[in-house]
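K.L.:
What follows is a structure written as structure tokens; I'll ask about it next.
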Amino acid sequence: MSDTSSNQMWGGRFAAGPDAIMEAINASIGYDQRMAAQDIAGSRAHAAMLAAQGIISDSDAKAIREGLLTVLSEIEGGTFEFSTALEDIHMNVEARLKEVIGEPAGRLHTGRSRNDQVATDFRLWVRDQLDAAEGALEALIKALLGQAEAGADWVMPGFTHLQTAQPVTWGHHMMAYVEMFGRDLSRVRDARKRMNESPLGAAALAGTGFPIDRHMTAEALGFDRPMANSLDAVSARDFAIEFLSVASISAMHLSRFAEELVIWSSAQFRFVTLSDRFSTGSSIMPQKKNPDAAELIRAKVGRIFGANVALMMVMKGLPLAYSKDMQEDKEQVFDAADNWMLALAAMEGMVKDMTANRASLEASASSGFSTATDLADWLVRETGLPFREAHHVTGALVALAEQKGCDLPDLSLSEMQAVKDTITEDIFNVLGVHNSVASRMSYGGTAPARVREQVARWKEVLA
């Protein structure tokens, strides 16, 4: 493809092509070529509509549609020569189409502008990414459900401030992330529904005098409807910002879980063993097994957050309708999408492959006076103490156990009664970690029965 066609593509407005600096700053083909499939799909739908409306002939429309498939096959086959002088994917495709089919190519752009063309391409691309994210989130949730079901009654410490708080079950902890990623899934679906309107046919900013059928092109491209305002159609990028917002929240959830996996896989915790597929060794320390995949997920969040802020900064001061600033809307979205999808896939792989070390989890759950709250609750229920007084008595028993170097269940009944004489032998029925988790039967609680109910509910939701 020759760069000499650039002046023709500008419509004769300039006597000479832009110089090298202008060409470099103005061109977007280096990254927007990723939208080639969406660009060609939009053009094929537009050509079919033009013919249906009698704006171009059926023979020209057929030549355009077939020629576009030839161009797409060249792009997908890696033989297409992209030109920076032709600025973007739209002009690159149109110029090559003219070489393939000749004069009919010049009729393709009737009734549209690059403004509505790029808005359509970008919406189609983001919609595809939302569909991919939906699948990736469902796969991750299923992996978590597998872990939760297997360890529905395995006890582990629950933490606040990263300090041992109360015993919970492994299944309950996994289900907490199911809920988080489930909300991410709902945000993905909401965002897709909201953005699924077609800008095509809004033209430069005011619509067109040609008798086009925007509902026809919207339907052909899988949109629910055309956008209702032409100014909004070419200038709106909130669909991309919402995509980045959804990605950012999901990435934050991924990062929190990644941090736990880093901690849990350490020699100090030994809660989980990550598979060799998602770990690396040390170049100097042969005993090391590093949770690099989890650490990289944790790091990628910065890029996704940054993309969200960057696009909002691009858009925040732009008057209606289109400004060239909006060419800067894609690179960060492409990068964020790549990293979000990679992080989701890596997390799914780690969750499916990891092994929870049940013995280590239970040993840790039994330390740190994790059943102190159960003791206080028992004092309220069985002896009628006000909770604040029960809290004080429990604190005194914790101090005694700490002084003796043992845990609460290891104190004798007489030692406990020396602190509070109304304590009976029945106290030992609540002090074990298994008794503790089994008693948490309130809705949303950690009891194994509740965990299994939630696993079943989520399986039904996904089905």
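K.L.:
Could you tell me what percent of the accessible area of segment 20-107 is made up of carbon and sulfur, with a 1.4 Å probe and every protein chain present?
P.N.:
51
K.L.:
On a 0 to 90° scale, report how tilted helix 372-383 is relative to the longest principal axis of the chain, with both axes built from alpha carbons and the result rounded to the nearest 10.
P.N.:
60
K.L.:
Given a 1.4 Å probe and heavy atoms of the protein chains only, how would you sort Ile75, Ile423, largest accessible area at the top?
P.N.:
Ile75, Ile423
K.L.:
Report Ile64's accessible area, 1.4 Å probe, all protein chains in place, as a number in Å² to the nearest 10.
P.N.:
About 0 Å², ignoring ligands and nucleic acids.
K.L.:
Give me the number: length gained by fully extending Ser59 to Val419, i.e. 0.36 nm times residue separation minus the C-alpha to C-alpha distance, one decimal in nm.
P.N.:
Additional length available on full extension: 120.0 nm.
K.L.:
Shifting gears a bit: Round to a whole angstrom and tell me the spacing of the C-alpha centers of segment 229-281 and segment 312-340.
P.N.:
21
K.L.:
For segment 20-107, just say rounded, prolate or oblate: build the C-alpha gyration tensor, square-root its eigenvalues into a ≥ b ≥ c, call rounded for a/c under 1.5, and beyond that prolate if a/b exceeds b/c, oblate if not.
P.N.:
Taking the square roots of the gyration eigenvalues as a ≥ b ≥ c, segment 20-107 is prolate.
K.L.:
Using R₀ = 41 Å, calculate the FRET efficiency as 1/(1 + (r/R₀)^6) where r is the Cβ-Cβ separation of Asp325 and His161; round to 0.05.
P.N.:
0.40
K.L.:
Next question. Let me know the charge dipole size of the chain about its Cα centre in debye, to the nearest 20, where only the beta-carbon of Lys, Arg (+1) and Asp, Glu (-1) is charged.
P.N.:
320
K.L.:
Accessible surface of Asp335 in the full protein assembly, 1.4 angstrom probe, to the nearest 10 Å²?
P.N.:
The accessible area comes out at roughly 50 Å².
K.L.:
Let me ask another. Per-residue accessible area for Arg225 at 1.4 Å probe radius, Å² rounded to 10?
P.N.:
110
K.L.:
Straight distance only, please: which lysines reach the Cα of Lys420 with their own Cα at less than 21 Å, same-chain residues fewer than 8 apart left out?
P.N.:
Result set, ordered by chain and number: Lys404.
K.L.:
May I pose another question? If each DSSP helix of 4+ residues adds -39,500 (n - 2.57) and the sum is divided by the residues in the chain, what number results at 222 nm, nearest 500 deg cm²/dmol?
P.N.:
One gets -20000 deg cm²/dmol as the mean residue ellipticity at 222 nm.
K.L.:
Turning to a different aspect of this structure: If I compute solvent accessible area with a 1.4 Å probe over the protein chains, what percent of it on segment 367-462 is carbon and sulfur?
P.N.:
After summing per-atom areas, the C and S share lands at 53 percent.
K.L.:
Residues of the chain: accessible area per residue at 1.4 Å, in Å²?
P.N.:
46
K.L.:
Under a point spin-label approximation (7 Å from Cα along Cα-to-Cβ), what is the Asp190-Ala449 distance to one decimal in nm?
P.N.:
The two pseudo-label positions are separated by 3.4 nm.
K.L.:
Modelling each spin label as a point 7 Å along the Cα-to-Cβ direction, I'd like the Leu318/Glu134 distance in nm, to one decimal.
P.N.:
2.7
K.L.:
With axes computed from alpha carbons, what is the tilt in degrees of helix 387-404 against the longest principal axis of the chain, rounded to the nearest 10 within 0 to 90?
P.N.:
80
K.L.:
Just to be sure I understand, if you calculate Rg/Rh (Cα atoms, Kirkwood Rh) for this structure, which of (1) 1.06; (2) 0.95; (3) 1.16 do you get?
P.N.:
Step by step, Rg/Rh (Cα atoms, Kirkwood Rh) for this structure corresponds to label (3).
K.L.:
Related question: Using only Cα atoms and rounding to the nearest 10 degrees, what angle (0 to 90) does helix 331-353 make with the longest principal axis of the chain?
P.N.:
The two axes meet at around 40 degrees.
K.L.:
Further, regarding this structure: Go through Leu231, Leu124 and list them by solvent-accessible area, largest first, probe radius 1.4 Å.
P.N.:
Accessible-area ranking of Leu231, Leu124, largest first: Leu231, Leu124.
K.L.:
Additional query: Sorting His253, His173 by accessible area (1.4 Å probe), largest first, what list results? Mind showing how you got there, number by number?
P.N.:
Numbers: His253 10, His173 35 Å².
Putting His253, His173 in descending order of accessible area: His173, His253.
K.L.:
To continue, here is another question. Obtain the nm distance between the two label points defined at Glu149 and Thr79 by a simple spin-label model: each point lies 7 Å from its Cα along the Cα-to-C-beta direction.
P.N.:
Spacing of the two 7 Å Cα→Cβ label points: 4.9 nm.
The values are calculated or read from the model by the stated rules, or taken from the named source; none is laboratory data. Treat the numbers as computed from the prediction; the structure is a model and nothing was measured. A quick note on method: Cβ atoms are made from the backbone with ideal geometry, for glycine too, and the neighbour counts reach across all protein chains shown. Heavy atoms of the whole protein, side chains included, go into the accessibility calculation; ligands, DNA and RNA do not. Shrake-Rupley method; radii C 1.70, N 1.55, O 1.52, S 1.80 Å.
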